[in-house]
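To start, the structure itself, in C-alpha cells.
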Amino acid sequence: MSTAAHPTDPAVLDRLATERTVWLCGVRPDGSPHVTPVWFVFLRGSWWIGVDSASVKVRVLRENPRVSLALEDGRVPVVAEGDVQLRQDGFPEEVTAAFAAKYAWDVTVPHRPDGGRVLLQVPVRRWLLPGVAQ
C-alpha cells in the first residue's frame, strides 16, 4: 500500500490524464455502498468530478465525504482514497478547461432547467493501488 501524495509511474500518470471514467465509491447513511461511474479530471493531486447538485451522489457525500476512487482496469489497478470537498460556485478555470479539453463538455452547464452544478474535489489522502497489482 502506498501513502504517496501523487503516483510517479508514467503509466499511471498517463491513465489519470486519458481514462474517461472512474468509479466513485461512497457510503450511504445506512452504511450501504453507493458506487457510480463518473467522468473526471485529475489535476494537482486532486480528482475533480462534475455532478448535478440534486444528485444522489451529492446527498450521500454531504453526509459522509469519505470516498474511494478506482479506475476501470482491474489488471493494473489505480485506487485512491480522499475526502470530498463540494464546490457550488467559483469553479477553477483550470478545471473547467480540463473538462472541456477531455470531454468537449462544459462542466458548469446544468443538465436540467432548474438544476445546478457542483464540482467534487477529492484531494488524494492515500493511494491504495497506484498501478501495481498486488
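The values are calculated or read from the model by the stated rules, or taken from the named source; none is laboratory data. Here the structure is a predicted model, which is why all the values come from computation and not from measurement. Methodologically, a virtual Cβ is constructed for each residue, glycine included, from the backbone with ideal geometry; neighbour enumeration extends over all protein chains shown.
Quick notes
- In this structure, residue 108 does not qualify as of a type in the set (Val, Ile, Thr), under 12 Å from the mean Cα position of the chain (by Cα) and more than 13 Å from residue 121 (Cα to Cα).
- Annotation: of all residues in the stretch 13-30 being in a strand (DSSP E or B) and of a type outside the set (A, V, I, L, M, F, W, C), the one that is surrounded by the most Cβ atoms within 10 Å (Cβ to Cβ) is 26.
- Pairs where the first residue, in the stretch 79-90, is of a type in the set (S, T, N, Q) and the second is at pLDDT 95 or above, C-beta under 6 Å, 6+ apart: 85/121; 88/118
- Residues satisfying the stated conditions in the stretch 108-134, i.e. among the hydrophobic types (A, V, I, L, M, F, W, C) and either under 20 Å from residue 9 (Cβ atoms) or modelled with pLDDT of 95 or more (or both): 118, 119, 120, 122, 124, 127, 128, 129, 132, 133
- Filtered by the rule that a residue be among the small types (Gly, Ala, Ser) and either within 12 Å of the chain's Cα centre (by Cα) or on the phi > 0 side of the Ramachandran plot (or both), the stretch 53-84 gives 68, 70, 80, 82.
- Number of positions in the stretch 56-78 that are surrounded by 15 or more Cβ atoms within 10 Å (Cβ to Cβ) and small (Gly, Ala, Ser): 2
- Residue, modelled with the highest pLDDT, within the stretch 67-107, restricted to residues that are of a type in the set (Lys, Arg) and closer than 26 Å to residue 9 by Cβ: 102
- Some residue of the stretch 99-114 being within 22 Å of residue 29 (Cβ to Cβ), among the small types (Gly, Ala, Ser) and surrounded by 13 or more Cβ atoms within 10 Å (Cβ to Cβ): no
- Of all residues in the stretch 32-43, none that is farther than 16 Å from residue 124 by Cβ has its Cβ atom under 8 Å from the Cβ atom of a residue that is hydroxyl-bearing (Ser, Thr, Tyr) and crowded, with 16+ Cβ neighbours inside 10 Å, 6 or more apart or on another chain.
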